[in-house]
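The values are calculated or read from the model by the stated rules, or taken from the named source; none is laboratory data. This structure is a prediction, so every number in the text was calculated from the model and none was measured. Cβ placement follows ideal geometry from the backbone for every residue including glycine, while neighbour counts extend to all protein chains displayed.
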Amino acid sequence: MSLDAAPSIITVNGTALEIRANPGRRLSDALREELGLRGTKVGCDAGDCGACTVLLDGAPVCACLTPVGQALGRSLQTVEGLGAAAELSLKRAFARFGAAQCGICTPGMLMSAVALLRHVAKPTRAQAEDAIGGVLCRCTGYTKIIDAICDAWRDAEPVAMPPAGQSIGAAIERLDGVAKIDGTEVFGADYWPQDALRVVVLRSPHWHADFEFGDVAAWAEARAVQVFTAKDIPGKNCFGVIPPLADQPALAEAVARFRGEAVALVAGDAAVMRDLDLEGFPVVWTPRAHALSVDEGKAAAPIHAARPGNLLITGRVTCGDVAALDGAAHHVTGGVETAYVEHAYIEPEAGAAWMDGDVLVIQACTQAPVMDRDDTAVVLGLPSARVRIVPSAAGGGFGSKLDVSLQPLIGLVTLLTGRPCRMVYSRRDSMVSTTKRHPGQMTATIGCDAAGKLVGMRFDGDFNTGAYASWGPTVANRVPVHASGPYLMPNYLAEARAIHTNGPVSGAFRGFGVPQAAICQETLFDELAQKAGLDRLEFRLHNALRDGDVTPTGQALHGVGIADCLEALRPHWADAQEWAAQADGRGIGIASCWYGCGNTSLPNPSTIRLGITGAGQLVLHQGATDIGQGANTVVTQICADALGARVSDFELIGPDTGLTPDCGKTSASRQTYVTGKAAELAGLALRAEVLRRTNMGEDAAICFEDGAVVIRRGAQSERLDLGDGIWVEETYDPPTTALDENGQGTPYAVYGYGAQLVKLEVDLALGKVRVDHIVAAHDVGRAINPVLATGQIEGGIAQGLGLALMEEYVPGRTENLHDYLIPTSGDMPRIDSILIEKPDPVGPFGAKGLGEHVLIPTAPAILNAIRHATGARVTRLPALPHRVLAAMKAARHD
Amino acid sequence: MSYHRPDALTDALALLAAGSPTILAGGTDLYPATSAQELRGDILDITGIAALRGITDAAGEIRIGAATRWSDLVAADLPDAFDALKLSAREVGSVQIQNAGTLGGNICNASPAADGVPPLLILDAAVELVSAAGHRRLPLAEFITGNRATRLKPGEIVSAVLVPKAATAGRSHFLKLGARKYLVISIAMVAARLEEDAGVIRSAALSIGSCSAVAVRLPAVERALIGQSVADFDIPADLVGQALSPIDDIRADAHYRAEAAVELLTRTIKGVVP
Ligand SMILES: Cc1cc2nc3c(=O)[nH]c(=O)nc-3n(C[C@H](O)[C@H](O)[C@H](O)COP(=O)(O)OP(=O)(O)OC[C@H]3O[C@@H](n4cnc5c(N)ncnc54)[C@H](O)[C@@H]3O)c2cc1C
Ligand code: FES
Ligand code: FES
C-alpha cells in the first residue's frame, strides 16, 4: 500500500484529525505546521535534544525522528493532551518548583515524566533522572525538574501569593510560567502570519573565501523563489553591538570571513521551500588563506584592514607596582587554555516579520530588543521608528541572543517583498553562525608573603574573538578588571587582548571572559596556598575583599559578601575533607567569584513605566526580556513592594519596542539590579503620587479592589479619583565612571560574590570525572525570589560543569548536539545552594546581580578538586578523560 | 517519491526487487542524516511487518527479528548470555531512541560505535539476509566490512540476527565509556561472555568496539584467559593492542583508547561474575 497522495487520519490526544503530509515527513513538522500543535518543540531534528518528545502508544519517542506514516493508527499524545489528574498534578509541581525556566524543554520533560509516572507513581530521584535522560535542558541544571517529578504525586496547592508589602523574599511561582508548562508559550518558531514566505540562508562553507555569484536570477526563476544578496540591502550593511567597532555585514559582500557566514537569502512559499535544495546554488568560491588560532591570527594578514596584527582591542588594568612580586615569599606561575564553548540553548534562532502600515514588525527570540531595532534599522536604511521589535519568548539565550541573527535578514525580505516571512534556524545554522564563548590562552604569576597575604599578580590573556568584533571588546575590558578574583590585590597588572581569526565569532556568553580568567587565577591560588602552607579555603578567606577595600581599578567597595560566602562553606569544607579521605580518587575543590553588574563603565539605563488605568488596573510596562531567568517575576516583586501593592494586582505589558520603554539588554547580570532599581523608583514614585492625590500619610495602604483603588489608613479610607489614569516613568542608570589608561575608575556600581565547593571522584584508570556534590554560596544582596535564585545557581553550575568537563566546540566538526556535548540529567551532582544576603548600598532593596556569577566558580573548583584527587594539573579544557589521564601521568613524572 | 509500509515480508521483497527504495526502520539513523523535513526518494518502511519484530526460540538458535527495538530487547526474557546485549540496549542514546531504533538498523548502519555489535559478536551471531531470490546468512563479523560498509546487496533486507544455542552458555557483561551519561557515542565499549568451572575460566568471548573501524573479537586474549581464575586474571595488554586500530578524534586520542580498552576489558570480565 502506498501512503502518499490522500489525506490520512491521525489520532492525536484522542481526537481523529485529518492530515495532509507525506508519510515520510517528520512527525514533529507535521504536528507543528499542518495541525498547529506547536507545543511540541524542535531543537535539533536529530534525536539529540528530546524537546520534541511525544508519546506513541504511551512510549516516549522523538517526533523529529518519527515518520508520520508510523504514527497513523496509533495512539499519539502531545503536551496539549496532558489533562488527566496525575498530569495536571505534575504540571503544578513544575510550577511550584520552578522547573521551567525558559520553558523550551518543558514539553519534552513533561512527556518523558508522564511516561514514567504512569508506571511509577512515586519515583526515586534516580528513576526521574533516568526518565529525562533523553531531554536536554540548558537552563535549570535539572535539579528542580527532578524535584518536581518526584513530588508530583503530592498534588500540593500552588504557592500562595503574598500580601501587599511582602513580595520580596517570597518564593512565588514565576508569573509567566503557566504558558511554558501548558505548551502554549510562543517562542520564535511558534508564530507566523498566514502565507508567510519561508526564508533560508546560504552560508559560506569556507573559513575565508572570495565569492562571486553566477546567474542567480535564472536559478531563482527556475525554482519559483527569490534570492537576496548584499547588493539588495538598502541601508548600511554593517552591524555590531558596540557601534564604533561595528564591522559585521548582514550578508557578506564579496568575501566571507568565517565558515557559516551568511551570503544570500532564499525566500519562497512554504511548499516550494520544503523541497528546495541549495546544492548547486550559483556561487563560485575562491578560498583564501585562513587563521583559526590566536597564534595564527596574530601572524596572518589583517582580516579587517584597520586592525593590524588582527588585534581588535587590548584591555588593561594596573595598580601599585607589580614588580613587588619579585620580593614575594611564594610565587606561582601557570597557564590555562580554554575551548570555544557553544551556548546550546535548546531553541535555535527563529522569528517572523511583517508590515504593519509602514512599520516593519519583527517578532523573534532575543535578549536585546532595542539594540535589535537599532541595528536592523541601520541595515535596512529605516528610521528606528519604522522598526518594531516584539520579542517572542526566548528558549534560552545566555548571551548569544544579544547580537542580531536573523532580524535584519527577515526584515529585508519583508521590506523588499512587502510580504510577511519567517525563518527558523536549523541546529546547524545556529551553531555555525552565532557567537561562542571566547577561547582563552592565559598565563599568570601570583605571589604572596610568608603569612599568605597576596603581594601581587600579573595576568596576560589572548582571547580568540573570531571574524567580527561582537562583544570582544567587552571581554577584553572585563577580564583585566576581574582577573584578580574577589581578593585584595595591592600590586597588579592585567592585560587581555581580543584577536581576530577566521573562527566563529566569539561574543557574549555568561560571564564575558571572566569564567576563563577565573579558571587561571583560582587554580593558581590552590598552588599558592599549598606553597604558603595554608588551607585552601582559609587562604582565600585571608585575602578576601572586605568592606571598604579597594579593587585594582581603585574603587572602594561596600556590601562585600565574599568572606560571608567562604565562611558559609567552612563547615561543609570540613565534612568534605573527611569524605575525600575515605576513598582513593576522591577530591575536593573550592573557588570564588566576583562579577560587576551592568555595562563596564558605559551607561546602561533602564526605564520603567508604571501606572493605573482609568479603569483601575495597575499596569507595569516591563521592557526587560525574560529569557528564563525570571525578570518578569522579580521586577514585579520589587515594584510591588515599593508601591505597596500585591504582585497579583499587576498586569504586565511587554517587552515590545512599540509599547515599553527601554530596559536595555538582558545581559551583564543587570536586570534585577538595574531594571529592578528603576522598578523600585517607579513604585515609589507612583506611591508618592497616589498618596499626594489622596492626601494620605506615608503609612497608608493602597488597595486594588475590582476596578477601584482605595487608600486606607487606620479607620480612614478614600477612593482614588483615577481620571484618565495616573502614570509615572522612572529611569535608573548605574553610577559608573570611565576607566583611564591604567584601568582606574568605577567600572560597575554593584558587584556580586560567590564561592563553590566541589566534591568529585576521578576514575583513576580511565580519567573519567564524576562530580558528586556541589555546595554553592552566593551573595545576592537580597534574594528577591529564592526559588528563581537557586534555579540560576543550579543552571549556572550545569554550564560550569560542561565548561570544565565536556564542552568543546571544534569549528567544522561539532556543529550539532550529537558531537557537541552538554551535561544531561545523569551528569549533574547534588547541589545545595546557600543564599547570602549582604545588602548592597545601591541595589534595589539591597539586591545584586546573580545570573553570570553562578557559573564562574564551578569550573575552577572542579579542576582544583581533580588536582586534589590525583595531583593532575589539567591546563587545557575541557578536562576530557584522556586529558585527565595524561595530566595524571605528567604529575607522577614531576 | 513514494512511501510503502507493507505488512508482509513478501511485499517488501517485491518492492525491493522492483526498485531500490531506502529501507526505513526506526529512522534514528536516517533522519539525523538529512536536514530536510521529510525523507527523500522511495521509502520502504519495514516496521509494519510483524515477522521482522520480536524474539523467538527456534530449533538450535535464538532469532531476533531485525526490526526488534532496543526497548523490546530490554524487556525480553533471555538467557544470561544476553545480558551484555540487554545492557547495551539500555545505553543506546536515550529511552526515546531505544523506543524507536532497531537492532537491524544498528547493524546495517555499521557505525564503528554501534553499541549492539560487540554483544552480538560474543554470541557468535549471524545475520539472515533475504531477497526475492532467496536467503543467505553470514556471520556478523563478515557482514560488517568497515566503517558504514556491509555486504548487504541491492534487493536484500536483513531479516534477523541469529544466535546459535551453543553460544548462549555462560554469562555476559557490557561496559560503555562515554564523556557523559546519556545520549553519548562510545569512546570505547566492551562485551564479554564467560563460562566458568568453580571459579576457573573455561571459555571466554570478548569484543571491543569503537577502537577500530569495525568492532572486533579478541581470540588470542580469549585463549589466554582459559584456565585463569575469574577472581584474579591477567590480561595480556599487548594482545589487546594488536587487535585494535584506534583513532584520534574529538572524543579521545588513540593512545587513550588503547589504554582504556584494556581497563574496560578487565572491568567487564570482573562484571560478568559479580
Ligand atoms: C540521539 C541518538 C543517539 C544515538 N545513540 C546511539 C548509541 O548510543 N549507540 C548506538 O549504537 N547507536 C546510537 N544511535 C544510532 C541509532 O539509534 C542506532 O544505530 C539504531 O539502532 C538504528 O536503528 P534504526 O532502526 O533507527 O535505523 P534506521 O535509521 O531506520 O536505519 C539505519 C540504516 O540501516 C538500514 N536498515 C535498517 N533496517 C534494515 C534492515 N532490516 N535491512 C537492511 N537495511 C536496514 C537503513 O536503510 C539505514 O541505512 C543514536 C541515534 C540518535 C539519533
Ligand atoms: S528536535 Fe527532536 S530530539 Fe531534538
Ligand atoms: S528551561 Fe530547560 S532549556 Fe530552558
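Worth a mention:
- Where B:Ser94 falls short, out of the listed (1) at pLDDT below 95; (2) within 16 Å of ligand 3 (Cβ to nearest atom); (3) hydroxyl-bearing (Ser, Thr, Tyr): (1)
- Looking only at residues in region A:102-132 that are in a loop (DSSP other than H, G, I, E, B) and buried (at least 24 other Cβ atoms within 10 Å of the Cβ), the one that is nearest to the other protein chains (Cβ to nearest Cβ) is A:Ile132.
- Scanning region B:53-97 for residues that are within 14 Å of another protein chain (Cβ to nearest Cβ), closer than 18 Å to B:Val127 by Cα and surrounded by fewer than 23 Cβ atoms within 10 Å (Cβ to Cβ) gives a single hit, B:Arg53.
- The residue that is farthest from ligand 1 (Cβ to nearest atom), among those in region B:62-115 that are among the charged types (D, E, K, R) and part of a helix (DSSP H, G or I), is B:Asp80.
- Which listed residue, of A:Val54, A:Val135, is more than 15 Å from ligand 3 (Cβ to nearest atom) and either under 21 Å from A:Asp182 (Cβ atoms) or surrounded by 20 or more Cβ atoms within 10 Å (Cβ to Cβ) (or both): A:Val54
- Considering residues of region A:619-664 that are hydroxyl-bearing (Ser, Thr, Tyr) and closer than 30 Å to A:Ala385 by Cβ only, the residue surrounded by the most Cβ atoms within 10 Å (Cβ to Cβ): A:Thr625
- Exactly one residue out of A:Ala385, A:Ala344 is more than 16 Å from ligand 1 (Cβ to nearest atom) and of a type in the set (Gly, Ala, Ser), and it is A:Ala385.
- Filtered residues of region A:358-394 (kept if aliphatic (A, V, I, L, M), under 17 Å from the mean Cα position of the chain (by Cα) and assigned to a strand (DSSP E or B)): A:Ala364, A:Ala393
- Under the condition of being over 26 Å from B:Val184 (Cα atoms) and more than 10 Å from chain B (Cβ to nearest Cβ), the residues counted in region A:48-77 number 5.
Results for (1) more than 17 Å from A:Leu136 (Cα to Cα); (2) within 25 Å of the chain's Cα centre (by Cα), shown as yes or no for each residue.
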{"site": "A:Arg25", "(1), (2)": "yes, no"}
{"site": "A:Val42", "(1), (2)": "no, yes"}
{"site": "A:Asp45", "(1), (2)": "no, yes"}
{"site": "A:Pro60", "(1), (2)": "no, no"}
{"site": "A:Ala85", "(1), (2)": "yes, no"}
{"site": "A:Ala93", "(1), (2)": "yes, yes"}
{"site": "A:Gln101", "(1), (2)": "no, yes"}
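- Enumeration of residues in region A:99-120 that are touching a Leu at 6+ places or on another chain (Cβ under 7 Å) and under 19 Å from A:Val186 (Cα atoms): A:Cys105, A:Leu110, A:Met111
- Answer residue from region A:795-825, given it is more than 9 Å from chain B (Cβ to nearest Cβ), more than 15 Å from A:Arg437 (Cα to Cα) and surrounded by 24 or more Cβ atoms within 10 Å (Cβ to Cβ) and is farthest from ligand 3 (Cβ to nearest atom) among those: A:Ile797
- Screening B:Pro32 on (1) of a type outside the set (Lys, Arg); (2) more than 8 Å from chain A (Cβ to nearest Cβ); (3) touching a His at 6+ places or on another chain (Cβ under 9 Å) shows it passes everything except condition (2).
- Failed item in (1) within 16 Å of ligand 1 (Cβ to nearest atom); (2) over 28 Å from A:Thr824 (Cα atoms), with A:Arg26 passing the rest: (2)
- Selection over region B:1-55 of residues that are part of a strand (DSSP E or B) and in contact with a Ser or Thr (Cβ under 8 Å, 6 or more places away or on another chain) gives a count of 6.
- Residue match in region A:665-675 (condition: out of contact with any Lys or Arg (no Cβ under 7 Å at 6 or more places or on another chain), aliphatic (A, V, I, L, M) and surrounded by fewer than 22 Cβ atoms within 10 Å (Cβ to Cβ)): no
- For A:Gln127: the one exception among (1) touching a Cys at 6+ places or on another chain (Cβ under 7 Å); (2) away from ligand 2 (no atom under 16 Å from the Cβ): (1)
- Each residue in region A:161-184 was checked for being among the β-branched types (Val, Ile, Thr), outside any loop (DSSP other than H, G, I, E, B) and surrounded by fewer than 20 Cβ atoms within 10 Å (Cβ to Cβ), and 1 of them qualify.
- Residues that are more than 11 Å from every other protein chain (Cβ to nearest Cβ) and without any contact (Cβ under 8 Å) to a residue 60 or more places away in the chain, drawn from region A:7-25: A:Pro7, A:Thr15, A:Ala16, A:Leu17, A:Glu18, A:Ile19, A:Arg20
- Residue within region A:136-146 that is within 14 Å of chain B (Cβ to nearest Cβ), touching a Leu at 6+ places or on another chain (Cβ under 9 Å) and within 16 Å of ligand 2 (Cβ to nearest atom) present: yes
- Filter result (closer than 16 Å to A:His773 by Cα and either assigned to a loop (DSSP other than H, G, I, E, B) or within 14 Å of chain B (Cβ to nearest Cβ) (or both)) within region A:844-894: A:Pro857
- Verdict on A:Arg458 being within 16 Å of ligand 1 (Cβ to nearest atom) and either more than 20 Å from A:Ala256 (Cα to Cα) or more than 14 Å from every other protein chain (Cβ to nearest Cβ) (or both): no
- A:Asp190 more than 30 Å from A:Pro369 (Cβ to Cβ), in contact (Cβ under 8 Å) with a residue 60 or more places away in the chain and away from ligand 1 (no atom under 16 Å from the Cβ): no
- Scanning region A:66-101 for residues that are assigned to a helix (DSSP H, G or I), surrounded by 24 or more Cβ atoms within 10 Å (Cβ to Cβ) and aliphatic (A, V, I, L, M) yields A:Val68, A:Ala71, A:Val79, A:Leu90, A:Ala93.
- Near pairs, Cβ below 8 angstrom, 6+ apart or cross-chain, from region A:138-156 (under 15 Å from A:Gln799 (Cβ atoms)) to any residue that is modelled with pLDDT under 95: A:Cys139/A:Gly628
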